Ligand SMILES: [Zn+2]
Ligand SMILES: [Zn+2]
């Protein structure tokens, strides 16, 4: 049997192990993908550290996968070998439970599948995914460019396009990291008056390079007060993982404003009086399905939005992961297989 390299986590908290495995065969309804690139997302730590319930180990992480369709299983009619595809966090759903019937596939109560969590992901030469989890990747995007868009990209793009903001509205993006640097670009290209908020004067040139209309340094001024001076934000997208930073900007919401939380912070505080007196809202957003990923990729080609990446070969997975964990990566870390 032909073999491949895979990076597995053998137990919660265990190290990454580069192992040789047989190349998996796609079952009915599944597709085998020859992986070209896979982004390292902070959520991969859920697998590495065992912080997601019910994971069966050993497990291969990775849910920002881009590669070529290499083989299709029985009953798969929508994909053929050679097509370039991406696989993101949402790895499948039952299609028949009440949430699925309402189109809320992420809320599937019967068979919610998560790539690199429920089944092996993209830290490998090959992976097998449900056909339903695949997005078509445009030719204009290199694998390394497309990979981070499968989680960081779709999350920010989908949160923005499903928010109440309309072209010309004041939209703030809190954080200029892996999510935020994409969020600012998407917000600009969607036609919002985009305000980037981060810590430190040194981030200002980056914010403007990404197209931001204004930059607010939250270390030297009160971002909530500054947003109010600009008329109050229609939407704030909170990409950071710091609840205090989220709490500090919420006061910048205008009338009918919404703060959309996509960073996994532990908690945040908000004044009920502030919410009710301005009909304001706090809302969360989850990334999206394969169709949303495909929209994200197409919009990124159309508008020129790109992720800035640091690229490592698969063998250097431990170094690459530590770089992501350090918070110093500018801005997403991507593994490549050489295919
Ligand atoms: Zn992710
Ligand atoms: Zn379902």
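The values are calculated or read from the model by the stated rules, or taken from the named source; none is laboratory data. None of the values given here were measured: they were computed from a predicted structure. Every residue, glycine as well, gets a Cβ built from its backbone with ideal geometry; the counts of neighbours run over all protein chains shown.
Take residues that are within 29 Å of residue 93 (Cβ to Cβ) and tell me which of the strands (runs of 3 or more DSSP E) falling wholly in the range 258-339 contain 1 or more.
Once the strands (runs of 3 or more DSSP E) in the range 258-339 are filtered for at least 1 residues that are within 29 Å of residue 93 (Cβ to Cβ), what remains is 281-284, 332-336.
Those residues that are out of contact with any strand residue (DSSP E or B) (no Cβ under 8 Å at 6 or more places or on another chain) and within 9 Å of ligand 2 (Cβ to nearest atom), I need them from the range 93-103; list them, please.
Those that are out of contact with any strand residue (DSSP E or B) (no Cβ under 8 Å at 6 or more places or on another chain) and within 9 Å of ligand 2 (Cβ to nearest atom): 94, 95, 96, 97, 98, 99, 100, 101.
May I ask you to say which residue of 265, 290 is surrounded by fewer than 19 Cβ atoms within 10 Å (Cβ to Cβ) and either in contact with a helix residue (DSSP H, G or I) (Cβ under 8 Å, 6 or more places away or on another chain) or at pLDDT below 95 (or both)?
265
If we keep just the residues of the range 41-65 that are closer than 23 Å to residue 329 by Cα and away from ligand 1 (no atom under 14 Å from the Cβ), which is surrounded by the fewest Cβ atoms within 10 Å (Cβ to Cβ)?
For the range 41-65, the residue satisfying everything is 49.
Could you look through the range 76-92, keep only residues that are within 16 Å of ligand 2 (Cβ to nearest atom) and without any contact (Cβ under 8 Å) to a residue 60 or more places away in the chain, and pick out the one that is farthest from residue 66 (Cα to Cα)?
92
Run residue 275 past the list (1) in contact with a helix residue (DSSP H, G or I) (Cβ under 7 Å, 6 or more places away or on another chain); (2) surrounded by 13 or more Cβ atoms within 10 Å (Cβ to Cβ); (3) over 21 Å from residue 194 (Cα atoms) and report the number of the one that doesn't hold.
For residue 275, the failing item is (1).
Okay, residues lined up against (1) under 14 Å from residue 317 (Cβ atoms); (2) part of a strand (DSSP E or B); (3) within 16 Å of ligand 2 (Cβ to nearest atom):
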position: 13; (1), (2), (3): no, no, no
position: 18; (1), (2), (3): yes, yes, no
position: 34; (1), (2), (3): no, yes, no
position: 45; (1), (2), (3): yes, no, no
position: 53; (1), (2), (3): no, no, no
position: 56; (1), (2), (3): no, no, no
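Tell me which residues, restricted to the range 105-159, are within 16 Å of ligand 2 (Cβ to nearest atom), surrounded by fewer than 24 Cβ atoms within 10 Å (Cβ to Cβ) and part of a helix (DSSP H, G or I).
105, 106, 107, 132
I'm checking my understanding of the structure. Among residues of the range 191-212 that are in contact with a helix residue (DSSP H, G or I) (Cβ under 6 Å, 6 or more places away or on another chain) and outside any strand (DSSP E or B), which one is surrounded by the fewest Cβ atoms within 10 Å (Cβ to Cβ)?
Checked the range 191-212; the qualifying residue surrounded by the fewest Cβ atoms within 10 Å (Cβ to Cβ) is 211.
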